[in-house]
Structure formats: structure tokens, C-alpha cells
Amino acid sequence: MTTATAQIGTGERSAVRYGSIARGRKRTLYWSYFFLILFVIFFLMPPVYMFITSLKTSAEIGAVTNPWWVYHPTLQNYIDLLSQAQFLTFFKNSALVAVIVVSVTMVVSIMAAFSLARMKFWGSGTLATGVFLTYLIPESLLFIPLFKIFAFIHDLTGIELINHWWVLVFLYPTLTVPFCTWIMIGYFASIPKELDEAALIDGAGYIQILTRVFIPVALPGIIAATIFCFTVSWANFLYPLAFTTSADQLVLPVGIVTTLIKGDVYNWGQIMTGALLGAAPPLIIYAFLMDYYIAGLTAGATKG
Amino acid sequence: MADAVARDLRIPVVRRRVGARALVSRKSMIAFFFALPLILIVLCLVVYPAFYSMHLATLNKSMTKFVGFGNFEFLFKRNTFWMVVEQSVLFAVTAVIFKAVIGFVVAHFVHNIPLKGQRKWRGMLLIPWVIPPAMSTLAWLWLFDPSYSAFNWILNHLGLAGIPWLGNPYWARAGIILVNVWVGSPFFMIMYLAALKSVPEQLHEAAAIDGANWFQKIWYVNLPMMRNIIQITALFSLIVTFANFDIVKILTNGGPVDQTHVFATWAFTLGIWGNDIPLGASVSLFMFPILAVAAGLILRNIRNRGNEA
Amino acid sequence: MAEVALRNIVKTFDRTPAVAGIDLNINDREFVVLVGPSGCGKTTTLRMIAGLEEATSGEIYIGDQLVNDVPPKDRDIAMVFQNYALYPHMTVYENMSFGLRLKKFPKAEIKERVENAARILDITNLLDRRPKQLSGGQRQRVAMGRAIVRNPKVFLFDEPLSNLDAKLRVQMRMEIKKVHQKVTVTTVYVTHDQIEAMTLADRVVVMNGGKIEQIGSPNEVYHRPTTRFVAGFIGSPAMNFLPCRLVEGSNGSAGLSVKLSDKLTFPVPPDRVGRYRPHAGRELLFGLRPEDIIEKRGDLPPGRTAFDAQLDVVEPMGMETMVYFLVDGTEVCGRVNPAVAGKPGETMPLVADLNHMHLIDPKTDQVL
């Protein structure tokens, strides 16, 4: 046996190329990096171009120079926008809407998810499925009937619901509540049942189980849901475009699109600056809480 | 109450039964109250409007008269309507296919590189998904600008003619799909990467020992293992893409001459700008069948996942 | 301190009975182990004592109190779960004190109780850690600590050792026994591991199919099983069962014999003859534990019978060797001294100790 091995070993010595497997792996690695760089260029080009343009004066934008380079960088666009009362109003409206929607959504969906994932009542299974289905109904299907309903409420009660920034607080939950409830059901369901039983024996009531066990344990999920909720309320475009028109009631995305574009006069330096500032809050949150952001993204389909 | 207590004292067995049932029903009462805000929001802001829009679709423009299927008959006779149907379907299907393919490929590239570098690359690749689409579409609008297009500048420097990005219907459609793919493929990438990570490494090793090359590993191992996530993600995206508003609205606003309208933007134009709410509602209702089919398929897929586990 | 009593407890899930009428009295400070295969209703019984499941019918008493309607927190019990169920976001100290904090105990008393429990369990240095930073055995101790600080009337253990590896399990088993000696509280312990049941229990309750098969001390259930199930379930390796016929006459005398096959017949020991006489002539099941089939050495004491067996499989275990041979197609196991164990295929002289034999009525599955 030993001799046979030795013979094979000497006989094939010349044919063996040590490290060929490692070389193959290295080649795969280099190609992967090469394509990743190409894709990163493709994916990052628009935001980078936004940034480039935002540093330019109108004169430089109008000149026939290399659009991908800034010859005379200036922060004038940022100074102009941030000293503009109107732009700050957009910012304030957006922030208020986002904060209120996030708070309301999280309270509603955490309570509902706890109830649906753990307590169960007649019809709770159907309701959980229903929540999932409503989360699939897009806003583009709902804005017309909602617009009409709001106008109707106005006729009935005299409360003006159209053209106020705060109506968005009633609209955004159609997008945020079903999704957040759905992923919170998933997170809560993954908490072992013994944990609430232990708490039950320790003497905790339902509200204590929720606040002192479930919420702390599912905190990563809650952060993920909060981020999602904020991103959606910050980014939505259709609802504010349909429901608000006066300049002082607009939120950021709509404000930038409707006020910075005047007829067919495009002040691209300011538009890009505004767009970049409008994209900044979600990007900053993403930069700091990327793992939670991604967890929330994948939770919608992988949990539950 | 006092009566109940008195009876309890006499018949302890009955007291116990009543107590037990009271305990159970109290629990489900609390549960119901916890879920009540959700139920109200869903009923008032989603379910009721959805049905209300069906009612709206049967009214005339001033909403004074019931016209039955009148609005639909009117739509069927208009060329623009059929153009919108065609454009919506073409847009959604093409964009989802591109997003899925790019997401799948990029996920594999990210998966190939060492684990500690993956976070950084993943982080950069997801940025298009994080930026509010209305904001990033503005950047694309500027990149496509008829006189200052930064793309055309590159093409011109390479000696090629500039492209009328949004001026020509075909290029405009392609441009809309391009922007949508740019926004959406990072999402696919993240989902597929998560699915890829859940494929046990031993399966690849077993396949390698069975003599599979890299393509066979992907085809016979990764693809079947990821099938469920691939389907769910694609169906999710199909819904979102089909109902897309932001990109078309900002990029072309339906133009040139209504050739790039999708259901959402056309419904907006008719319903909000044109002030014909019933007609707008009728248009948006056409999204419903495809959404229902996709939602049903997703639900089935998610149920299957549950059964596998 | 309290006794626990179950009176005809029944639990059905969607009409399938999980527990089909159980009567059990557990004395104050007694350590009772419910043991049985999975699905035998032992965990359901424990959860009904805890109040996590509601009994479909029957009565549960803790102390003198009927507790059917009492919620878990008011039953004055503590439970250790299979997966420990430690709150992952709390430190060990917070985990152990959670119940007391909910009941608004004074801070000083909480501290004293936790530290006392920590001392008993030797986890004083872990109090600031979180469950994630602990090993399986340490988590197990914390879970027990959480139970001890509450100073409950009854301790409930739900398969607490089944998530530990074999070595740690033996160690923690001893630990639990020690703790029970220090903190003598009525304890109900559920396990599927019969060795755990034997080593820990004052009394073992063997359950099967939602019913109690036998209640008795570990020695009783081992040496005097009352049913075929108990005989087969307790003991590892399991008791050998062979179909047999009880025949008159043994070595020409007036006794009885057990005829296992055409070649193999064992005489019934004289002191058993009276007991088995009514069943003479019947087809029965013969049961004998592997340790009662040993190698032949020297003279045969009364009740032992020598025979030759052709070995089929031989399993050396170190301090002993398991030998397997066939009797009419049925595998039979014996435990022999490794020094004299034969090789597979060889014929080896063995001795059966019939003083420990059992005869089972195949119709009723009762041990005769």
C-alpha cells in the first residue's frame, strides 16, 4: 500500500502544478472586483453627478465645458437654498410629517403585531393575511378615491382636508402601517414562546410582556421598521403632489420639483442641490444604520 | 354581579367554567383592542377607498349620474388608453426582468469576494434604493437634458452622435426603464444576496466533487435553492413597478404626446389635473387585476416557505 | 412549601387527547420525575400545573388551593424551560430579579435573594453578564437561579438538560440534585431520559399515551415494572423480550419452565412457581435485562441457568462488552466481561439469572 502510493507520487510529480486551485480562485476574485467596480460606477453615477452639478454656478453649467468636472467649485447653491424661507418650510413640513407618521405607525403596528403574533383572537389569522395584502396595494390605486373622500368630508364638515401638509399624516399610514405590522409580526413570531411563558410565570401582564420583554428583544426589528417608515414618509411623491398645492404646505420632494422648476426654466444647480439635500436624511440614516436598513428590507419577504 | 357571585358560591364547578371562559375571552378582548387601530386604519384608509374607487368609476365626470360601464367604454375607444396599457405592461415586465438579472449577477459578484469586504460594496450598491426616487429621477432628468446631457457629452467625445433621450418615444421608454432598473436592481441584489447566503456551502462542495463547473453550480444548486426568494422578489417588484408613478411623472410626464404614460401617471393626469375623478378612478382600477394575481402568487409562495420550514 | 395533587386531569387539543385522565399526589418537598417518550403527555401535564395550559377537565391543587382558574403568576410556582427562556436583553441579575421587580419587592431584599441564589449555584461572578455571553451550563444555572429567587411553593422543570451535551448533562444532573438538597422544594421534573429520571427522582412517574403507567421509586420501576411499557422503557440497553410458552415440569421436577425455542428452555425459579402457576400452558412474553445474561463463571447459584449462544454482534464498551445472539430470530443482548467475550460467529457459554425474569401477559401487557 505504502509503496504503491510512493510510486504514484513520483510518477506524477511533474504533472502537478501546485497552487493552480488558488490561482483559479484569485482569477474569479479579480473578475468579481472588476464587474463590481463597473456596477458601482453605474449605481453611483447619478448621485455623484448631482453633487458635481450642485457645486457649479449657472454660468459654468451653461458653458460648454466638461460636465463631469467642476472648474470653479462654489457652495453658493447650498447657501442660496438654505437661506430661502420657502425651502426651509419644505424641510420643516417633511420633517414634521415624517416624525408624526413614524410615531403613529410604530405604536399602531407594534401593538397590532403583538396581538396578531401572540395573543390571537377570532379572525386574527385572516387579519394577518389581510395586513399583508393591504401592504401590496400601491398608493397609485388609492390616491383618487382618497382625494374624493377627503373632498367629501370637507363638504360634510367644513374641515378643509386638501392642501394642508398635515393631511399627509392621514395618508402615509396606508403605506407604512401594513408593512411595519407585517415585519413586526415576523420579528415577534421569532421570539421563542417560552420567553413570554417565563414572563407570565414571573408575574408580567400582557402590557408588561410587550413593553419589558417583546419590545427590547425585538429592538433590531423595531429599528428596521422605523427606518423603513421614515424613508417612505420622507420619499413619497404621489400623495403630496395630489393633495397639496400651496407653496407653504409642500413637502420636500414635491417642493423641489414644483418650485425650482419654473415653466421650462431649469436652474439645474439649485435643483441638484435641493435634490441632494432632500436625499440627505435617508442617506445619513442609511450610512449609520445600514445593517438595520438591510434587515428591514429583506424581512418583508423572508419573515412571516 | 352580586347575583353571579351568590350563584358561584353554591355551585363551585360552574364558577370554575365561567371563570376559565372569562379568562379566555378577556385575553382575546385585549388582543382585539391592541389590533383595533390597525383594523381602523386598514378599513378606513385602504379597504373603503379601494371599494369606493369602484363606485367612483361608474359615475359621470361631475359625479352626479350613474353611467355604469360608460367610463370603461369611453376608455376602450381611446387610442391613448391602449397605448397606456401596452406601455405599462412593457415597462413593468422589461424592467423587472432587467432588475432580476442584474440583481442576480451582482449578488453573485458580491458573494464571491471575501466576507469582510462585502459590507462596504453592498453598502455602495444599495445607495440608488435609498435615495428618494423623485430626487434621483431629477438627476437622471438632468443627465438626459436635451442640450446639456452629460451622456451625450461623452458620446460626442467618443465621436458618436448624441441621443434624443427623452424627445423620442422609443428612447424615452428606454430611459424610463433604465432609471427604474437603476433604482430597483439594488433591492434585488440585497434579496438575492440574502438568499445566496442561506445556500449551505456544503452543497457547493458536494457539487464540486460531483464535477459541476461554476455555471452548473449556479444552475443546479443556487437557482433551485433561491427559487422561492427569486419569485417573491420579482412579484413584489412587479407590483411596485406596475404601479410606478414618480419616475414617469418627473422624467417625461407621459410625453412625448402621451406615449410614455403608465396607469398611475395617466390616472393622475385625468383625475387630479383634468378634474375627471371617475375617469381617473377607472384608469387606476385597471391595475387591480395584475396586482391581485401577483399578490395571490406571493401569498402562495410565502405559504410554501412556511411549509418547507 | 406545598403538596401538589392532580385529580383526573384530562387535556384535549382539538379533540385529540394529550392527557387522558391522570391522578397524582406529590408530597411536600418531594422530587417527582415525569418520564416517558415524546408525546406521552408529560410536558402537557407540567404546563397544566404551571397554568400555561388549561385543563379540559379535572382538578389541580397546589397546597390546599384549587388552582384551575389561577393564572400562572399567582400559583407561586417557578419553571425552568428546556431552552432556558432567559430574557436576552437583561443581565443575569436582571433576569433573576425580574419576577421580584414586577412584584415590587424592596430593592434590598431582591439583592439579598439574588445573591443568595447566585451563591447556591456558584454564579456570583456572572451576575453582570448577558445570556449570550454564557455557556449552556451557565445559562442552565441562571434559569434555575431565576426559579430559586422566587422562593416558590413548587419547582417545575421542563426537560432542562436536553439542550446540553452529554458530559455537561451528567454534571448538571448532579448540580440539580445538590440544589434540591439545599433548597428543598416540591419539584416536578419532566424528562424523556430515563437515566435522568432514575438518578434524580424520589418517585418516578412513567407516562405513556397520556396515561400513567406506573408510579414508584426508581428501584421499584426498575426491578418491579408493572407493565410491559415500563419494563421496556426503563433501563438501557433495554430489556430483552422474547415470546415464550410457560410449560409444566422443569428438569423432571414439579416446577415450571419457560420454553423460548426448541433448543432453549429456562426453568422458573422455585419461589416464582406459585405466582406463575395459573398461567401454565399459555403463550407469554419473557423479559430479562441484559445485565442478567452474563458470562459463565464457576458454579451456578440457584436460579441461574447456563446455555450456549452463537454470537451475532459484539460491542465492546470498555468496562463491559455487549454480546448479541439470536433466539428464534429475535436479537437478545447480554452484558459480559470483556476479558472473556467471544468473537462474532463463535459460540459462547452464557448464564441467565432467572431470579430477575419477568413474564408479561401479551393480551393485557401487564407484568405477571
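Candidates C:27, C:68: the one that is in the same structural domain as residue C:169 (by TED's automatic domain parsing) and modelled with pLDDT of 90 or more is C:27. Of everything in the range B:275-287 that is within 8 Å of chain A (Cβ to nearest Cβ) and of a type outside the set (A, V, I, L, M, F, W, C), the residue that is surrounded by the fewest Cβ atoms within 10 Å (Cβ to Cβ) is B:284.
The listed residues are B:101, B:84, B:89, B:106, and the only one of them that is more than 14 Å from chain A (Cβ to nearest Cβ) and either under 26 Å from residue B:285 (Cα atoms) or not basic (Lys, Arg) (or both) turns out to be B:89.
Only strands (runs of 3 or more DSSP E) whose full extent lies in the range C:250-295 are considered here, and the ones with at least 1 residues that are modelled with pLDDT of 85 or more and closer than 17 Å to residue C:225 by Cβ are C:283-288. For the range A:227-252, taking the residues that are out of contact with any helix residue (DSSP H, G or I) (no Cβ under 6 Å at 6 or more places or on another chain) and among the hydroxyl-bearing types (Ser, Thr, Tyr), the one that is nearest to residue A:97 (Cα to Cα) is identified as A:244. Return a yes/no flag: does the range C:281-289 have any residue that is over 15 Å from residue C:264 (Cβ atoms) and without any contact (Cβ under 8 Å) to a residue 12 or more places away in the chain. Among the residues of the range C:281-289, not one is over 15 Å from residue C:264 (Cβ atoms) and without any contact (Cβ under 8 Å) to a residue 12 or more places away in the chain, which makes the answer no.
A search for C-beta distances below 8 Å between a residue of the range B:182-199 that is free of Cβ contacts under 8 Å to residues at least 24 places away in the same chain and at the interface with chain A (Cβ under 7 Å from one of its Cβ atoms) and any residue that is part of a helix (DSSP H, G or I) and among the basic types (Lys, Arg), counting only pairs 6+ apart in sequence or on different chains, returns nothing.
Only one of B:218, B:272, B:290, B:232 is in contact (Cβ under 8 Å) with a residue 40 or more places away in the chain, surrounded by 15 or more Cβ atoms within 10 Å (Cβ to Cβ) and at the interface with another protein chain (Cβ under 8 Å from one of its Cβ atoms); which? On inspection, the qualifying residue turns out to be B:232. Scanning the range A:101-127 for residues that are more than 8 Å from chain B (Cβ to nearest Cβ) and under 12 Å from residue A:177 (Cα atoms) returns A:101, A:102, A:103, A:104, A:105, A:106, A:110, A:113.
A Cβ distance below 6 Å, combined with a sequence gap of six or more or placement on separate chains, defines the contacts here; from the range C:1-30, residues that are without any contact (Cβ under 8 Å) to a residue 40 or more places away in the chain reach residues that are surrounded by 15 or more Cβ atoms within 10 Å (Cβ to Cβ) in the pairs C:25/C:5. Residues in the range C:152-174 that are surrounded by fewer than 16 Cβ atoms within 10 Å (Cβ to Cβ) and among the basic types (Lys, Arg): C:167 alone.
Beta carbons closer than 7 Å, at least 6 apart along the sequence or on distinct chains, pair a first residue in the range B:123-147 that is more than 7 Å from chain A (Cβ to nearest Cβ) with a second that is acidic (Asp, Glu) for B:137/B:246.
Test residue A:186 against the stated conditions and say whether it is on the phi > 0 side of the Ramachandran plot and either touching a helix residue (DSSP H, G or I) at 6+ places or on another chain (Cβ under 6 Å) or in a helix (DSSP H, G or I) (or both).
Working: on the phi > 0 side of the Ramachandran plot: no; either touching a helix residue (DSSP H, G or I) at 6+ places or on another chain (Cβ under 6 Å) or in a helix (DSSP H, G or I) (or both): yes.
No.
One residue stands out in the range A:228-273 among those that are free of Cβ contacts under 8 Å to residues at least 60 places away in the same chain and of a type in the set (D, E, K, R): the one that is farthest from the other protein chains (Cβ to nearest Cβ), namely A:262. Could you tell me whether residue C:130 is in contact (Cβ under 8 Å) with a residue 40 or more places away in the chain and not aliphatic (A, V, I, L, M)? For residue C:130, the condition - in contact (Cβ under 8 Å) with a residue 40 or more places away in the chain and not aliphatic (A, V, I, L, M) - is met. Contact annotation: residue pairs with Cβ atoms under 8 Å, 6 or more positions apart or on different chains, pairing a residue in the range A:62-77 that is farther than 22 Å from residue A:278 by Cα with a partner that is surrounded by 13 or more Cβ atoms within 10 Å (Cβ to Cβ) and of a type in the set (S, T, N, Q), are A:67/A:53; A:71/A:65; A:72/A:57. Within the range A:42-82, take every residue that is of a type in the set (D, E, K, R) and assigned to a helix (DSSP H, G or I) and give me the one that is farthest from residue B:140 (Cα to Cα). Going through the qualifying residues, I end up with A:80. With respect to the conditions (1) surrounded by fewer than 19 Cβ atoms within 10 Å (Cβ to Cβ); (2) assigned to a strand (DSSP E or B), residue C:298 falls short on a single one, namely (2).
The values are calculated or read from the model by the stated rules, or taken from the named source; none is laboratory data. Here the structure is a predicted model, which is why all the values come from computation and not from measurement. For neighbour counting, all protein chains shown are included, and Cβ atoms are generated from backbone atoms with ideal geometry for every residue, glycine included.
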